[in-house]
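The values are calculated or read from the model by the stated rules, or taken from the named source; none is laboratory data. What you are looking at is a predicted structure, and each value in this text was computed from that prediction instead of being measured. Cβ placement follows ideal geometry from the backbone for every residue including glycine, while neighbour counts extend to all protein chains displayed. Remember, those area values only see protein heavy atoms, side chains included, never the ligands or the DNA or RNA. Shrake-Rupley method; radii C 1.70, N 1.55, O 1.52, S 1.80 Å.
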Amino acid sequence: MTVHQQDADVLVVGAGPSGSTLARHLASAGRRVLVLEKAAFPREKVCGDGLTPRAVHELDLLGLPTPAADGWVRNRGLRLLGGGVRLQVPWPEISDYPAHGLVHTRSRFDHALVEHARAGGATVLERTSVTGPVLDPRTGHVVGVTARPVDDAGRRAGEVRTYRAPVVVAADGVGSRLALALGLARREDRPLGIAVRTYFTSPRSDDDWLESWLELREGDSSTGPLLPGYGWVFGVGDGTSNVGLGVLDADAGSGDIDYRDLLRRWTAAMPAEWRFREEDQVGPIRGAALPMAFNRTPHYTRGLVLVGDSGGMVNPFNGEGIAYAMQSARLAARAVDDALAAADARGRERALQSYPAAVRADLGGYYTLGRVFVSLIGHPEVMRIATRFGLPRPGVMKLVVKLLANLADPTSKDATDRVVVALKRLAPAA
């Protein structure tokens, strides 16, 4: 029997929020971690740049500092707009969670995370494109990957080589080449959203609320024709605002919607003093898919662990991905660490199988509720009625914010917390 040299204890494919988070947790636990990333940092990624208290909580657990001097901008809560109503709802006070969110551009955010992973002891190879899994011919388990160096344009810049490890983690995003190679295609019974965004030089850059538009209208912002989706305006604190829109289930609408044009039509109705005009735009409009509600499963199979977007971890209520990418990575790191400590192959498999069970226990019921929510708001008339009758009632919107952002406190006696917690417990796991 041929014995192959192991390059690491764990191979992580992708250095986005999930890959870098998992790498830092495992490296801090003393594991040899090798991360392969096709891009070079800093690099651009489509994102709203807004972080809820759930994401800040994961950053705290990771030990990543977030000083204002490095461009981390605090926010106090959500400002909701729709039906002619404007309502500000502070982030709720929750045990173990901070009462603030953050804004940080995605390029700087991912760069900070990958450097944090390096500082913790992980080895990160940038400009290294993984081409496929290496399978054990006896068991069919993933025991490594093949990869080749690439230049900044993604062109081949060297020979293919093989990297091996006892555990391989797919953190390679919505397209997940590794998962597809094992036959793990996207689940058609799960929503797939679309988001587009750009930046504008704007006096709203220092806004310390995350602004969410529950209705999008063309022309007059209060009476114009209703457009599909939801919108956001997040002040970045550097003189620019991140402005974008999302559709939580792109499959439910027309397949020929031009989302970039949709964003232009919506921002054209904004007040002129906000400067959301083409002449104030910084960079192009970029778009990305939002893989939601566990839209690729199983999250562990045959030696391959799926985290973040590769496992469809995006919140179907609001399109938030970073918090759940980091949470899934933290849960996976715990299972992988236990697997590496196991006495034999059976113990290793048992430990790795605990990861999908843990992520389902934490998020399964909530994501089931989210799928129902997506199916309802896919009808503009339902959204219009809900906005008109819900927004004027602060008590109702307090509950809605806790549900949308998954910020209910299970230890609280507050009625809104108890309702959200009960709903998540009663819903069958996704």
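Has segment 57-67 got any residue that is open to solvent by 10 Å² or more (accessible area, probe 1.4 Å), over 21 Å from the mean Cα position of the chain (by Cα) and free of Cβ contacts under 8 Å to residues at least 40 places away in the same chain? Yes, because at least one residue in segment 57-67 is open to solvent by 10 Å² or more (accessible area, probe 1.4 Å), over 21 Å from the mean Cα position of the chain (by Cα) and free of Cβ contacts under 8 Å to residues at least 40 places away in the same chain. Residues in segment 1-40 that are in a loop (DSSP other than H, G, I, E, B) and either of a type in the set (D, E, K, R) or at pLDDT below 95 (or both): M1, T2, V3, H4, Q5, Q6, D7, D9, R31, R32, E37, K38.
Between I285, I322, the distinction of being out of contact with any His (no Cβ under 8 Å at 6 or more places or on another chain), modelled with pLDDT of 95 or more, among the β-branched types (V, I, T) and buried (at least 24 other Cβ atoms within 10 Å of the Cβ) belongs to I322 only.
Against the list (1) open to solvent by less than 60 Å² (accessible area, probe 1.4 Å); (2) over 19 Å from the mean Cα position of the chain (by Cα); (3) at negative phi; (4) modelled with pLDDT of 95 or more, the condition P92 fails is (4). Apart from one condition, E279 fits all of (1) open to solvent by 30 Å² or more (accessible area, probe 1.4 Å); (2) at pLDDT below 95; (3) of a type outside the set (K, R); the exception is (2). Return a yes/no flag: does segment 209-223 have any residue that is within 27 Å of the chain's Cα centre (by Cα) and β-branched (V, I, T). No, there is no match, as no residue in segment 209-223 is within 27 Å of the chain's Cα centre (by Cα) and β-branched (V, I, T).
Without any contact (Cβ under 8 Å) to a residue 12 or more places away in the chain, open to solvent by 30 Å² or more (accessible area, probe 1.4 Å) and not aliphatic (A, V, I, L, M): does that describe D189? The answer is yes for D189. From the list L184, L180, L113, the lone residue that is in contact with a Pro (Cβ under 7 Å, 6 or more places away or on another chain) and not in a strand (DSSP E or B) is L113.
Which residues, counting only those in segment 204-222, are among the acidic types (D, E), farther than 15 Å from D238 by Cα and modelled with pLDDT of 80 or more? Within segment 204-222, E211, E215 meet the criteria. All conditions in (1) within 28 Å of A147 (Cα to Cα); (2) open to solvent by 10 Å² or more (accessible area, probe 1.4 Å); (3) out of contact with any Asp or Glu (no Cβ under 9 Å at 6 or more places or on another chain) hold for R43, with the sole exception of (3).
Listed by first and then second residue, the pairs with beta-carbon distance under 8 Å, at least 6 apart or on different chains, first residue in segment 349-377 and surrounded by 17 or more Cβ atoms within 10 Å (Cβ to Cβ), second outside any helix (DSSP H, G or I) and β-branched (V, I, T), are L352/V167; L352/V305; Y355/V305; P356/T297. Restricting to segment 68-83, and then to whatever is outside any helix (DSSP H, G or I) and among the aliphatic types (A, V, I, L, M), can you tell me which residue is least open to solvent (accessible area, probe 1.4 Å)? This residue is L80. For segment 101-111, does any single residue satisfy the condition of being of a type in the set (D, E, K, R), in contact with a helix residue (DSSP H, G or I) (Cβ under 9 Å, 6 or more places away or on another chain) and either open to solvent by less than 10 Å² (accessible area, probe 1.4 Å) or free of Cβ contacts under 8 Å to residues at least 24 places away in the same chain (or both)? Checked segment 101-111: at least one residue is of a type in the set (D, E, K, R), in contact with a helix residue (DSSP H, G or I) (Cβ under 9 Å, 6 or more places away or on another chain) and either open to solvent by less than 10 Å² (accessible area, probe 1.4 Å) or free of Cβ contacts under 8 Å to residues at least 24 places away in the same chain (or both).
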